[in-house]
């Protein structure tokens, strides 16, 4: 017996993907206006920027702002096309088709966010090609079905250009299907505002953490692939708010996670001491 399962909740299969409270996002330019214009045109969008600079929070904020469901997929090298589009599975009633996250978004009209898409295999990412041009269709070969995208569907991808290599980069045929919004770490004043808001620390602590992060970012390319991200600063701030001294909080949240090299750790520890 073969059936088709179109969603966990037949009445509203996207209910679990609605964002009900506003995710905090501090704009640093016209990214909100640019995204709203892109969504109005249902243009596929690529968010480019370093790890922890706010790309995912931005998508969450925009989904909330637009009142649209958001289905997020964290891409990885073992992800297959079936993980995105769906597969047949056995249950007590026989063989049942289960839509994957991409198909669910296409069928019912969600924003599908493929986070760090460069981590996925290229033979997996090509399944989005027919959704990112004027066809807006998703062929399900195993079902012999073509799903036409719901009018509200949009695909958003993100990746960190700093990690791209010959073996791990998006094909030009994929890149050129997207509009792109570039993200970077905000200015020191704005970043301190974010840390204050997200971690609940005072301005002095926030400014100190930002100075430490800036020192670490200056070491990028000198042994560090990435400096401390805004996300790391917030984590350090949360530890400080919980009673941990700022030196120790910085070690736990910023130094130890980003390097195992003893010389780099010593340099970062020196930067912490100089900033306090």
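See the values below:
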quantity: Euclidean distance between Cα centres, region 193-244 to region 175-190, Å; calculated: 20 Å
quantity: Full-extension gain in nm, residue 30 to residue 182, via 0.36 nm per residue minus C-alpha separation; calculated: 53.6 nm
quantity: Helix 262-275 vs. the chain, principal-axis angle (Cα, 0 to 90°, nearest 10); calculated: 70 degrees
quantity: Per-peptide average of other Cβ atoms within 10 Å, ordering 102-111, 128-137 highest first; calculated: 102-111, 128-137
quantity: Region 188-275, Rg to Rh (Cα coordinates; Rh as Kirkwood inverse mean 1/r); calculated: 0.94
quantity: Helix 203-217 vs. the chain, principal-axis angle (Cα, 0 to 90°, nearest 10); calculated: 80 degrees
quantity: Ellipticity estimate at 222 nm from DSSP helix runs (n ≥ 4, -39,500 (n - 2.57)) divided over the chain, nearest 500; calculated: -10500 deg cm²/dmol
quantity: Packing-based ranking, highest mean first, of 186-194, 238-246 given that Cβ atoms within 10 Å are counted; calculated: 186-194, 238-246
quantity: Cα-derived Rg to Rh of the chain, Kirkwood definition; calculated: 1.03
quantity: Kirkwood hydrodynamic radius of region 226-276, from inverse mean 1/r over distinct Cα pairs, in Å; calculated: 10.9 Å
quantity: Dimensions (Å) - region 1-122, Cα atoms, principal axes, largest first; calculated: 55, 33, 25
quantity: C-alpha long axis of helix 188-199 to longest principal axis of the chain, angle in °; calculated: 70 degrees
quantity: Burial ranking of peptide ranges 91-97, 216-222, 268-274 (average Cβ count within 10 Å, highest at the top); calculated: 268-274, 216-222, 91-97
quantity: For region 126-276: Kirkwood Rh in Å [reciprocal of mean 1/r, alpha carbons]; calculated: 18.3 Å
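Since every read-out is calculated from the coordinates, none of them should be taken as a lab result. Predicted model, so just to flag it, every value in this text is computed and none were measured. A quick note on method: Cβ atoms are made from the backbone with ideal geometry, for glycine too, and the neighbour counts reach across all protein chains shown.
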